[in-house]
Amino acid sequence: MSAKVIAVYSTKGGVGKTTAAVNLAWQAASEGRSVLLWDLDPQAASTWLLRVKPRLRGGVDALVRGKQPAHKAIRESQVDRIDVLPADESYRDLELALGAEKKSETRLAAALKPLQKAYDVIILDCPPGASLVAENAVRAADVVVLPLLPSALGLRSLEQVREIIRGASRRVALVGFLNQVDRRKRTHVAATDRLPREDSQISDVYVPATVVVERMGDARAPLGAYAPTSEPARAYAQLWHLIRRA
Ligand SMILES: Nc1ncnc2c1ncn2[C@@H]1O[C@H](COP(=O)(O)OP(=O)(O)O)[C@@H](O)[C@H]1O
Ligand SMILES: [Mg+2]
């Protein structure tokens with residue numbers, strides 16, 4: 001068995017990548033799968049949400065150079081069956097660390113390889129931008145999950161992410177979904193109706209904009225732990241079912 005690798009990625013920040021990464025991890029774990037969440041963002045938001053200490057001996061540099069095996073940096077989270085490879089400040093230099101290596105686009109895939117037998121699912125919480133980090137994440141992934149804000153500007157990231165996927169020389173599935181949908185806005189309602197019909201890579205499952213999601217920061221826990229029957233929790237459950245088949 002080899003873990004399914006899921007990169008939660010967008011060129012844009014603040015669209016719901018970390019929120020999706022943590023909640024999809026929870027969904028997979030609640031089905032009995034063993035999950036590793038690799039936090040690739042120096043902001044370390046998913047590390048923090050899952051209550052893991054953001055410290056890494058030797059920094060991420062040692063990881064991508066293969067000097068420190070990834071399994072030594074992995075920590076258990078508070079949630080059963082979710083382990084975290086935490087981010088820390090050193091991730092600010094990940095771009096440079098990757099650039100300095102040979103085969104710089106596939107270093108993450110190489111670092112993941114020995115972990116793939118130990119987990120059922122590996123989720124990469126990516127930083128924004130169209131960088132070498134992104135290229136590495138996409139090349140390591142079986143599926144790219146892309147949160148989209150329902151606006152013209154938000155949708156531009158769809159083409160940008162597709163471009164990066166085209167650059168990876170392997171088959172990578174794309175699952176886009178609308179996040180922060182406000183049903184009081186006609187444009188949002190129109191987007192949830194039209195986009196999934198017009199684009200087979202945009203799911204008809206969307207996540208509403210709600211304070212229940214914002215409360216994750218206070219709870220420092222996935223939605224499943226404090227609001228399992230809420231609408232967004234159910235949306236992530238449905239998304240997980242799509243993603244695991246993608
Ligand atoms: N569906 C939603 N409803 C309300 N707030 C949301 C929703 N999705 C994300 N947020 C909030 O938006 C902010 C950015 O989300 P985050 O997942 O950190 O984005 P990213 O990882 O893409 O930068 C966070 O404060 C988060 O709580
Ligand atoms: Mg994030």
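The values are calculated or read from the model by the stated rules, or taken from the named source; none is laboratory data. Just so you know, these numbers come straight off a predicted model, no measurement behind them. All Cβ positions, glycine included, derive from the backbone under ideal geometry; neighbour counts span all protein chains shown. What goes into the accessible areas is simple: the full protein's heavy atoms, side chains included, and nothing from ligands, DNA or RNA. Shrake-Rupley method; radii C 1.70, N 1.55, O 1.52, S 1.80 Å.
Amide H contacts of GLN180: VAL207, ALA209, each under 5 Å away and 5 or more positions distant or on a separate chain (H built 1.01 Å from N in the peptide plane; Pro and chain starts excluded).
Tabulate in residue order the Karplus-calculated ³J(HN,Hα) for the stretch 165-177, using 6.51 cos²θ - 1.76 cosθ + 1.60 with θ = phi - 60°, rounded to whole Hz; enter x for Gly and Pro. Each residue's phi maps through the Karplus curve to give 5, 4, x, 7, 8, 8, 6, 10, 7, 10, 10, x, 8 Hz. The calculated 222 nm mean residue ellipticity attributable to helices in the chain amounts to -11500 deg cm²/dmol, summing -39500 (n - 2.57) over DSSP H runs of n ≥ 4 and dividing by all residues. Dipole magnitude for the stretch 4-245: about 360 debye, using +1 per Lys or Arg Cβ and -1 per Asp or Glu Cβ, origin at the Cα centre.
Taking label points 7 Å from Cα along the Cα-to-Cβ direction, ALA225 and GLU89 give a separation of 2.6 nm. Can you give the angle from 0 to 90° between the axis of helix 17-30 and the longest principal axis of the chain, with both taken from C-alpha atoms, to the nearest 10? Between helix and principal axis, roughly 80 degrees. For ALA130 and LYS103, a Förster radius of 30 Å and the Cβ-Cβ distance give a FRET efficiency of 0.95, rounded to the nearest 0.05.
The stretch between LEU242 and GLU214, if pulled fully straight at 0.36 nm per residue, gains 7.7 nm over its current Cα-Cα span.
So for the chain, averaging the separation of alpha carbon pairs under 8 Å that are six or more residues apart and normalising by length, what relative contact order in percent results? Spell out each step's value before the answer.
On the way: 498 pairs, mean separation 62.4, N = 246.
Contact order relative to length: 25 percent.
With protein chains left intact and a 1.4 Å probe, residues in the stretch 139-246 average 52 Å² of accessible area per residue.
ASP193 contributes an accessible area of around 90 Å² to the protein surface, as traced by a 1.4 Å probe with all chains present.
A straight Cα-to-Cα reach below 26 Å connects LYS72 with the lysines LYS4, LYS17, LYS53, LYS102, LYS103, LYS113, LYS117, residues fewer than 8 places away in its own chain not being considered.
Given the Cα atoms of the stretch 31-168, and with Rh set as the inverse mean 1/r over their pairs in the Kirkwood sense, what is Rg to Rh to two decimals?
Values: Rg = 14.8 Å, Rh = 15.5 Å.
Radius of gyration over Kirkwood radius for the stretch 31-168 works out to 0.96.
Sorted by mean Cβ packing within 10 Å, highest first, what order do the peptides 35-42, 138-145, 65-72 take?
Numbers: 35-42: 25.6, 138-145: 24.1, 65-72: 14.0.
The densest-packed peptide leads the list: 35-42, 138-145, 65-72.
Label separation (LYS117 vs ARG184): 5.5 nm, computed from points 7 Å beyond Cα along the C-beta direction.
The distance from the alpha carbon centre of the stretch 1-49 to that of the stretch 111-145 is 10 Å, rounded to a whole number.
Summary of the geometry: the stretch 59-102 and the stretch 210-246, compared by the centres of their Cα atoms, lie 26 Å apart.
Under a 5 Å amide H cut-off, with hydrogens placed 1.01 Å from N, VAL5 pairs with ILE122, ASP142, VAL143 among residues at least 5 apart or on other chains. Over the chain, what percent of the accessible surface lies on carbon and sulfur atoms, probe 1.4 Å? Percent of accessible area from carbon and sulfur atoms in the chain: 48.
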